[in-house]
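**Student:** Take this structure, written in structure tokens, and hold onto it; I'll ask about it next.
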Amino acid sequence: MTYRTKTTMPSQRHAVSLLSAAFLGLSGTLPAVALGADDEAKIQEIAVFGKGETRQVQSLNASQLAQFPAGTSPLKAIEKLPGVNFQSADPYGAYEWSTRIVVRGFNQNQLGFTLDGVPLGDMSYANHNGLHISRAVMSENMGRVSLSQGAGALGTASTSNLGGTLAFTTADPSDSFGVMLNGTAGSDDARRGFARIDSGTLPTGTRLYVSYGNQDTEKWKGFGDQEQEYVNVKVVQPLGAATLSGYYSNSDRVEIDYQDMSLEMIDRLGRNWDNFGPDYARAIASAQGIFSGKQTQITDAYLNASGLRKDDLGYLTLELPLQDKLQWKTTVYRHTNDGQGLWATPFVPTPDGAPLSIRTTEYNIDRNGVVSALTFDLGRHSIDTGIWYEDNAFNQARRFYGEPSLEQATRSFKEFQRDPFFTQWEYAFNTDTVQIHLQDNWQVLENLKLQFGFKSVIVDAKANTIAGPNKTGKIETNEEFLPQIGFVYNLGDQHELFGSAARNVRALIGSATGTSPFSATQEGFEAIRDTIKPEKSTSLELGWRFHTDALEGVVSAYYVDFKNRLLAIQQGSAIIGNFNALANVGNVESIGLETGLNWQLSDWLTWYNSASFNRSTYGDDFVSGTELVATKGKTVVDSPKWLFNSELAIESGAAFAKLHYKYTDERYYTFLNQGSVSGFSMVNLSLGYHLANMGFMKELTAQFDVTNLLDKKYISTVGNGGFINSDPDGTAQTVLPGAARALFFSLKSLF
């Protein structure tokens, strides 16, 4: 089977008709079992289409997130929103090595992410300044997810949001005492348990919940499983007119990796090919160049690989009215992380042992920060100003651990490794971030609101060498004036026009990998430290929202000018781990159209559609070594031109159902557009039954989910092994097949 044949897309005329008829609503909702009725009422007040916003903004609330299989990443939940390309090689969208989100041509590390206002960094796999949302909060405790496809709010605590911003909000504790017990079982021996106790409102006014979750599933192919154990605690305490809230999350995640594949490997070995584990003898033979079956090269498979992450995240937030017209909100937070990425490398043998070793990339994060804002209500003017400060100590190392035996493995890929025989490099990075913003929301007329302001960003990243090639130095990002302006004009009660213009920057980062100046050699760093420029974007957006009794929707158009694109030009094979050569390689231009429609066909039937067109192209050629790479006019990698979603949702009495269809267009994984994966369609199904007021049991929901209902054979993630210039023979190991059809059954109870 080949994955290089382009899937036929509807004609452009038909696609345009889809765009014009499409939508941005959200499907019918089933009753939420994660919250009490009082909390649900608060969430339902959220304007799904961002009514009154100067930017394109949409939200999913708790009841809509509850429609997905338990443990599903909220990133996967938002894939139906306009402009969002989300891919993952597992059914949940939680396998971090494979998860990729692209919004309007901007990839994951060019977006901004926050949880209750706390920065999550750029959520890349080798994260240097945060953590993945799947480790920050359990899906059952998620209250809302809001996406701004273009520029995020000025006060967003992020230095990577060139493109959109995702704001995650945890659910508040219920006003009523309750115990929630949920269980899920499914394909690939999937098991997930969740328990939460809500205190209700105590005599002191305190509300809190304590929750525990445990998830374990075998990989859908190959050997190994993916596990996560976590605890979430949230407390809300009124203090007179003020409110103090606190949150704590502990996460321990282990994921055994799938083997990175190429199109040639898929054709030769099949999409179900994976690493050798637990066949240790075959891995030893392969490391010695002795192949069996259809294996032809040492990089076809390895013994095993995995990712280990342990995180503790906590914050305290004080919301304090200083006067009738003055509000102050401050959040202090701390996040620590220990992580190892493991790979059984046949390229470095164990001294006096096996012809392979365990290579790790190791991460230690210790972040402390504060986000504080003041809001002044001055009648027609509402002034918002604030500051975000963070001190981030990040330690990163590359080490090798021995396998002394030729007969059997002595090390587990589910445990942190100890006692290395070689440290290739280790660096200590310290990054200080200061961001301030000032904004005026001006109600010029009864039907016209203007919003304008700016932010300033100063980021100092320092590196010190502990072991390996010297990388000591400092790099600074200093952008004193990044303006933003927007408007909302009401055309009666049912229609409004909106528009915005914003300039943003992605700060240069302190890391030994990725698009960091420190990912180069010391000589390379010294050569670029005074000339390298941070990436910048200027985003323009114009749109129309409407709302009637049966229809609500949005249509928006945008233009983005992205300058100083940074490219970490890989020196040799990515898996070998050579240092990069970092360079500014020109501009990118993006134009697009997004539309969405939510149609309430009856009291029990809702039809949701969204369609997006994006054309993101490179504006310049660049030089890689001595080679001119002619990328000018080429389509940006992993940036599909067309995306389309359609979802029918039924809620009749206690029964509910949802049928979701998504089309993703062709995607390139080479800068010269010589390597691509086909467009594909995906169908998912949910069926359920909800009962309430059952005596001692307040609620009981039974839910059956099928992901990839038609068992589509497709490529999910591209670029997991890095993006390259060209791949004429399809041998670049940088794609991952999507998960096969999977079935899940859940019982959710509230006592």
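**Student:** Please tell me which of these pairs span more than 22 angstrom C-alpha to C-alpha: Lys536/Lys632; Lys310/Lys713; Lys294/Lys414?
**Tutor:** Correct reply: Lys310/Lys713; Lys294/Lys414.
**Student:** Hey, got the dipole for the chain? About the Cα centre, +1 on K and R Cβ, -1 on D and E Cβ, debye to the nearest 20?
**Tutor:** 920
**Student:** Right, next: For the chain, just say rounded, prolate or oblate: build the C-alpha gyration tensor, square-root its eigenvalues into a ≥ b ≥ c, call rounded for a/c under 1.5, and beyond that prolate if a/b exceeds b/c, oblate if not.
**Tutor:** Here the chain falls in the rounded category.
**Student:** On to the next question. Longer than 26 Å from Cα to Cα, which of Lys641/Lys712; Lys51/Lys533; Lys474/Lys563 are they? Say none if no pair is.
**Tutor:** Lys51/Lys533
**Student:** Indicate the gyration tensor shape class of segment 255-305 (rounded, prolate or oblate), computed on the Cα atoms with a ≥ b ≥ c the square roots of the eigenvalues: a/c under 1.5 is rounded; otherwise a/b larger than b/c is prolate and the rest oblate.
**Tutor:** Oblate.
**Student:** Name the residue farthest towards the positive end of the dipole of segment 197-310 from the options Gln295, Ile197, Phe276, assuming +1 on Cβ of Lys and Arg, -1 on Cβ of Asp and Glu, about the Cα centre.
**Tutor:** Ile197
**Student:** Kindly provide the helix-only [θ] at 222 nm of the chain, computed as the sum of -39,500 (n - 2.57) over DSSP H runs of four or more divided by all residues, to the nearest 500 deg cm²/dmol?
**Tutor:** Taking each H run of at least 4 residues, the total per residue is -1500 deg cm²/dmol.
**Student:** Let me spell out the model: positive unit charges on the Cβ of Lys and Arg, negative unit charges on the Cβ of Asp and Glu, origin at the Cα centre of segment 581-647. What dipole size does that give, in debye rounded to 20?
**Tutor:** In debye, rounded to 20, segment 581-647 gives about 160.
**Student:** Over the Cα atoms of segment 579-641, how large are the radius of gyration and the largest Cα-Cα distance (Dmax), in Å?
**Tutor:** Calculated on Cα positions, Rg and Dmax stand at 19.6, 65 Å.
**Student:** So, one more: Would you list, by chain and number, the lysines whose Cα falls below 16 Å from the Cα of Lys471, excluding same-chain residues fewer than 8 positions away?
**Tutor:** Within reach: Lys462.
**Student:** For helix 12-21, report the angle its Cα long axis makes with the longest principal axis of the Cα atoms of the chain; keep it between 0 and 90° and round to the nearest 10°.
**Tutor:** Between helix and principal axis, roughly 40 degrees.
**Student:** Ranked highest first by average number of other Cβ atoms within 10 Å, how do 312-323, 356-367 line up?
**Tutor:** Per-residue Cβ counts within 10 Å, averaged per peptide and sorted highest first, yield 356-367, 312-323.
**Student:** Quick one: in segment 251-368, what % of C-alpha pairs are over 20 Å apart?
**Tutor:** 59
Every number in this text was worked out from the coordinates using simple rules, so none of it is lab data. In this text the structure is predicted, and so the values were computed from the model without any measurement. Because the Cβ atoms are built from the backbone with ideal geometry, glycine has one as well, and the counts that use them run over all protein chains shown.
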